[in-house]
Structures are given as structure tokens and as C-alpha cells.
2 protein chains.
Amino acid sequence: MSSSNKQAGSLNEKAGISSHEITNASAIIQIRNKRRQQPSAEELISGILSGNRTVLSRAITLIESTNPEHTEKANEVIKGCLPNANKSIRIGITGVPGVGKSTFIEAFGTFLTELGKKVAVLAVDPSSTISHGSILGDKTRMENLVKNENAFIRPSASGENLGGVARKTRETIILCEAAGFDTIIIETVGVGQSETAVHSMVDFFLLLKISGAGDELQGIKRGIMEMADAIVINKADGDNIYKANQAKAEFNRALHLFPPKKSNWLPKATTCSAITKEGISDVWNSILDYFEMTKETGFFQQKRNEQNQFWMIETINEQLKQNFYNQPEIISLLEQNKKAVQNNEISPFAAAQLLLNKYKKSL
Amino acid sequence: MSSSNKQAGSLNEKAGISSHEITNASAIIQIRNKRRQQPSAEELISGILSGNRTVLSRAITLIESTNPEHTEKANEVIKGCLPNANKSIRIGITGVPGVGKSTFIEAFGTFLTELGKKVAVLAVDPSSTISHGSILGDKTRMENLVKNENAFIRPSASGENLGGVARKTRETIILCEAAGFDTIIIETVGVGQSETAVHSMVDFFLLLKISGAGDELQGIKRGIMEMADAIVINKADGDNIYKANQAKAEFNRALHLFPPKKSNWLPKATTCSAITKEGISDVWNSILDYFEMTKETGFFQQKRNEQNQFWMIETINEQLKQNFYNQPEIISLLEQNKKAVQNNEISPFAAAQLLLNKYKKSL
């Protein structure tokens, strides 16, 4: 209501008509027209399938919308895209700030488009709401790729929690694939849990590192190294080449100590330079080897199936928890019980039971 | 009803009375008497607090019972024990089968009782239902400790799922502490997720290894090494001493590559022999150092608080999922949707929403 009044106000100024009745009526018509201008789900789907990037962007915005009214339409669009999705390869790229993720993706993505690939670059960065988009936010850091008509770059969806951000990215992949992008790169920061989320939506997971003084293995969580299908030591140029090669050797030794992967793939560490382009094609060849091997063994499809099941179950579990913990009665009772548990007045299990009983009654 | 009939039958045989009315009546009285013999929660609590091991055993059986009627009484007993609990130190011990966990615990536990400690040995082994108690099931493997009046040995609770088994062990700790046991040892197998569960209920986590041919780091999940506060290479006796020392050096190198722990404690690898007792006191001294340090920094109490919160939240989350996935309508619908997701007929997210809506309606 307030927004239609505002529009009425501005119309007033232009047209010089003072009658509220008339201005309101024109405002309503204007809004109606604007609503009509919103493409339908069918229009969005056919636009995406024809490879229209503007429509693709618009559909992603719809998916990212927190307005519950948009959910149904978003689901319709995704459903319409699904038969044409799943035909790309999905590569996750992680690394702590400073390893040169953007310059690497710029070089790697450009290399891929030169091979005739259509590349979509997405990001998962739950901190983007606070930091105003720490990764991919500044598109100028990929100035060539952003102008490249065979590339599509989209910053991270924003959101307070990782689950929501990851889910939106997961759905965006479907849309990009339906729009004909055959190589999806998903960037994430090398800290926290976002790696696990990205790992569960890609086929190949690449950890970007740089050589540094001191211990090469510090500073990155162990679990992330274990997830990696390849470790690429970036900035192997100029004075850095010697140190980068040392780091490569050290990582290769460390990778050998890891238990074998379910894919039977043996991850390797290589060096590259986003500036001299040295090693970029090696990264790609390694990825091709991986796909050849895992498609032959059937691991590729098996992993995708597992990922789909994972996302279904994750979404359910996440929602069950949200329903519980967002219940106003539960919020205050939980705080009380946390204190009681801390003071040994109640066991953690009895406290849990008490809360669950309360929740059951409130349904 | 069927059980009272059976009792009636056996009474019949003995007394030679054929009247159903009378036998049923005596059976009922007999059952009533038997029920009266069951100690009350108050009796159990006071028995535990006085250090009566028979009562302690009985109370643990009550906790382990899957009979829902016992739950309330079990909770009452736990509540009554809580003010006297939390005063022990809790040590988790893990290692793959063959490293000599039982002989180590026998030697280590005996050593502790000689220092005047009261030692309770528990186990978390979700496979015990199937394997009929693979760990601690055969008490004769700790033949001295089992006869030691300052030790209390209890095999793993049985159960199909780890969550339930772990929960029961977690509650058993409270009872043992209230009964005056000041050192709680929790044994678990070195495979699967049970380590994470045990890690979240102990103060100190010890990984038992033996030296072996080939790569020393293989065969144990990376994450378990990362959890360890100490690595003890067992069977460092006879011809094994040289190899054990080599393994010690290798583990110490590997431990150095790990990111620092939240406790700031630096885990070390040592050797020991459960046969010659060499190195047993070193293990204990290392544990004492750990407690001195973490009690000074406040980490000790902080970790316990976090563990309590963890168990409360875990129990809630586990129960929320069980309520959902055990709903008969959900079970069949889930299978349908898994297939639909696999065939790209529906996105994982839309499938999740569909299931959640169905569940909401069924409540």
C-alpha cells in the first residue's frame, strides 16, 4: 500500500492532477502493467534454454529472492530447466584470501573459452552480506572474463547462513547448465565450512595455494586438503618459481600419506602462474584425466546421484531444525536449559527431552 | 498377559492346582512382589552414592533398557547422581583391532589403581549387537583389572545406532562418577564414527597404534589423528622396540604438520609396552600435564560445557530426524522422491519441500 501511495505521489507531480481517486487508479494500472512485464515461468525457461544471459540473470535473481511469493515460480523455472541440466562439468575452486583465486579463474576461464567451452563462474560466500561480496563481488578483478561472451560471472548469493547460500548456488548451477554453459566453476573461500558445501555440488575440487615462508601445510584445514582432487600452487613466476616447486614437492609427499579416495583418483600437486599462463593447461589436462577415469568407472554418475540425495536430505534436516529452533517458546526455553545443563541441574538428555515434549505440544 | 500366563503354567505344574482363577491370582501377586523388589530411584541413587557396585550395575542396566517405562526412572537416577558427578577425569582410548587395547587398558588401569585411583572402564561399540561385544565383551582379557576392587568394567551398551549407544555411555559416566570413580576410561574401536562420539564425551583422547610394515600413517582415518591428544605406540617390546621408535619419530613429524589445537596442547607420540610396563607411567604423566595446563587456561571447563551443550543439541536434532524419517507416510514418499531426483524429474530441493509439506499435514 505504501509503495502504491508513493508512486501516486510522483505521478501527481508529473501530471499535476490532484484527485486521489484518479492517481490511485493510474498507480494501480501502472503496477499491474509492471507485474505483467514480469516474465512468466515459461518465458524465463524458454529464454534460458535459448541461452539468453539477461533472462538467465533475471531467473537467478528470482531464485535468490527471499520473498516467499517467488518460491513457487522459482521452483517452476528450476523444474523446467532440469531436463536440460546436468550436462556440464562442475569444478570447485578454493583457497585462502591472497592465493589469487580471481586471477587464476580469469586465466583458467579464458583458457577454457579459447578451447570453445562456455564457462559459468559462481561463488559460495556466506560472508558476502557482511563484507559486501568479498569474492567475485568486484568483477573488475576478472576484467577479460567478464567481457567474454562465452563466460557468465555471477557473485555469491547473499544470506546469513551457509545452507541458504549454498542451496541457491546449487539451484543456479541447474539454470546455467540449461542455458548451455558446459563448464561450471564454483569459487569459495578457503576458510570455514563452505568448502564442504561446495565439495558436495562439484565433480572436481581444486585447492589453490601459494608457496610461503615456513610450514607449507599450516593455515589450511586438514579436511580441505583431504577433499582436494588437485592442489595447484599459484604465483609460480619470477622469484617464486623455486619456492613454488619446493611447496609442490612437499604437498605431493603429504598427499601420499592420505588414505585412498573413494574415486581411486590420486590427487597431485602442480604449479602454475596466472600471469605467465604456465601450468594452466596442465590443470585442465589433469581434470580431463579425472573425468575420463571416473566416467569409465561409473564413479562420476554415482557421485552426482549421491550429491542429489545429499541435498534432498540436507534440505529436509535443515528445515526440521529451523522449524524447531525458530519456535518462539523453544528459543527462551533453550536458553534456560543451557544454563541448567551448565550448572549440572539437569542432564543434557533430560533437557533435550523436555524441549522436545514442549515442541510436540505446540504443534 | 502372555508372560503371566506362562508363569501361571509353571505354577500349575508345581502346585498341581488346575483352577485358572487361582493360578492367575497367584501369578499376579508374584509379579507384584517382584516389582516391589525392584529398587526405587531413591534406593538406586543412595546405593550408587555409597559406592555399591551391584547397585551401580543395576542402575546402568536400567539406563540401557529400551523399555520406555524405564526411561523416567532412569532420568530420575541420573538427576540424583548429577550433583556428585563431573569430578573425574575422562580418557578416551581408540585404536584399530590388533593394537592391544585390552592389554593396554589392563596395564594402564592397574597402574592407576596402584596410585590409589578408582577406575571405571566403559566402551562405545555400536557393532556389539552384531558381533556380540567385540570390545570389553570378553572380560577375561582384563583378568587382573576385573578382579580389582578399585576398578569397574562395563562392556558397551548394545544398540543398532551409534547415537543411542553413545548416549547410554554418556549417561553411564555420570553414574560411575557419582559412585566415586575418579578416572573414567572409554574404549572404542578405531574405525568409523564412534571416535567422534567418544571424543565429545572425554577430556583427553588417546590413540593407540603399533608399528607396522610400510606406511605408518595409513589405515587410520586422518580425522582421528587430528583428534588425538596423544599417540601411544604399543607393543614396544622385544624385537619390536626399534620399529616402535621409528614409528614414534614418524608420528611426531606428522603431528607437527597439524594445525594447532584449540587447547594449545601439543600432542606427542610415545612408545609403551603393556607387557614390560615400560612407558605406561609416561602416558599418565602426559595426561597429568594436559590436565594441569587445560585447567589453568580454563579450557578444561570450557570443553566440558561445550560437550554438555553438544549432547543436548545432538539429542534434539537426532530426535527431530527420527520423528520425521520414521513416519510411515514419509518412508514410502521418500523412496519415490529419491528415484524422481535421480531421474532429474524433480530438483532435490523441491522434493524436500514436498516431503516437508506432507509431514506438516500429518502432525
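Laid out as a table, the results:
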| read-out | value |
| --- | --- |
| Of residues in the range A:311-326 being without any contact (Cβ under 8 Å) to a residue 60 or more places away in the chain and farther than 19 Å from B:L363 by Cβ, the one farthest from the other protein chains (Cβ to nearest Cβ) | A:I313 |
| Sole residue being surrounded by fewer than 17 Cβ atoms within 10 Å (Cβ to Cβ), on the phi > 0 side of the Ramachandran plot and either at pLDDT 90 or above or touching a Lys or Arg at 6+ places or on another chain (Cβ under 7 Å) (or both), chosen from B:N264, B:N245 | B:N264 |
| Given (1) polar (S, T, N, Q); (2) within 25 Å of B:I184 (Cα to Cα); (3) without any contact (Cβ under 8 Å) to a residue 40 or more places away in the chain, number of the condition B:N252 does not satisfy | (2) |
| Failed item, numbered, when A:K303 is tested on (1) open to solvent by 80 Å² or more (accessible area, probe 1.4 Å); (2) basic (K, R); (3) touching a residue at least 24 places away in the same chain (Cβ under 8 Å) | (1) |
| Selection count where residues are touching a strand residue (DSSP E or B) at 6+ places or on another chain (Cβ under 7 Å) and not in a loop (DSSP other than H, G, I, E, B), scope the range B:145-176 | 11 |
| Qualifying residue in the range A:153-162 (condition: modelled with pLDDT of 90 or more, assigned by TED's automatic domain parsing to the domain that holds A:F300 and open to solvent by less than 10 Å² (accessible area, probe 1.4 Å)) | no |
| Qualifying residue in the range B:327-336 (condition: surrounded by 13 or more Cβ atoms within 10 Å (Cβ to Cβ), among the aliphatic types (A, V, I, L, M) and at the interface with another protein chain (Cβ under 7 Å from one of its Cβ atoms)) | no |
| Residue that is at pLDDT below 95 and open to solvent by less than 10 Å² (accessible area, probe 1.4 Å), where the choices are A:V189, A:V124, A:V146 | A:V124 |
| So A:I316, is it outside the structural domain of A:Q353 (by TED's automatic domain parsing) and either open to solvent by 40 Å² or more (accessible area, probe 1.4 Å) or modelled with pLDDT of 95 or more (or both) | no |
| Yes/no for A:K295 being basic (K, R), without any contact (Cβ under 8 Å) to a residue 40 or more places away in the chain, surrounded by fewer than 17 Cβ atoms within 10 Å (Cβ to Cβ) and more than 9 Å from chain B (Cβ to nearest Cβ) | yes |
| Which numbered condition A:Q38 misses (of (1) more than 20 Å from the chain's Cα centre (by Cα); (2) open to solvent by less than 30 Å² (accessible area, probe 1.4 Å); (3) on the phi < 0 side of the Ramachandran plot) | (2) |
| Conditions (1) closer than 30 Å to B:F251 by Cα; (2) of a type outside the set (F, W, Y); (3) out of contact with any Lys or Arg (no Cβ under 9 Å at 6 or more places or on another chain): number failed by A:E292 | (1) |
| Residue list for the range B:223-238, filter: modelled with pLDDT of 90 or more and not in a strand (DSSP E or B) | B:A228, B:D229, B:K235, B:A236, B:D237, B:G238 |
| Test: residue in the range B:88-101 that is within 13 Å of another protein chain (Cβ to nearest Cβ) and either within 21 Å of B:A197 (Cα to Cα) or surrounded by 13 or more Cβ atoms within 10 Å (Cβ to Cβ) (or both) | yes |
| Flag if B:L62 is modelled with pLDDT of 90 or more, of a type in the set (A, V, I, L, M, F, W, C) and open to solvent by 60 Å² or more (accessible area, probe 1.4 Å) | no |
| Condition check for B:R170: at pLDDT 90 or above, assigned by TED's automatic domain parsing to the domain that holds B:T188, open to solvent by 30 Å² or more (accessible area, probe 1.4 Å) and under 20 Å from B:L44 (Cα atoms) | no |
| Any hit, the range A:343-360, residues being at the interface with chain B (Cβ under 8 Å from one of its Cβ atoms), without any contact (Cβ under 8 Å) to a residue 60 or more places away in the chain, more than 22 Å from B:G163 (Cα to Cα) and open to solvent by less than 30 Å² (accessible area, probe 1.4 Å) | no |
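The values are calculated or read from the model by the stated rules, or taken from the named source; none is laboratory data. Note that the structure is a prediction, hence the values are computed from the model and not measured. Glycine also receives a Cβ, built like all others from the backbone with ideal geometry; neighbour counts cover every protein chain displayed. Areas reflect the complete protein model, heavy atoms only, side chains present, ligands, DNA and RNA absent. Shrake-Rupley method; radii C 1.70, N 1.55, O 1.52, S 1.80 Å.
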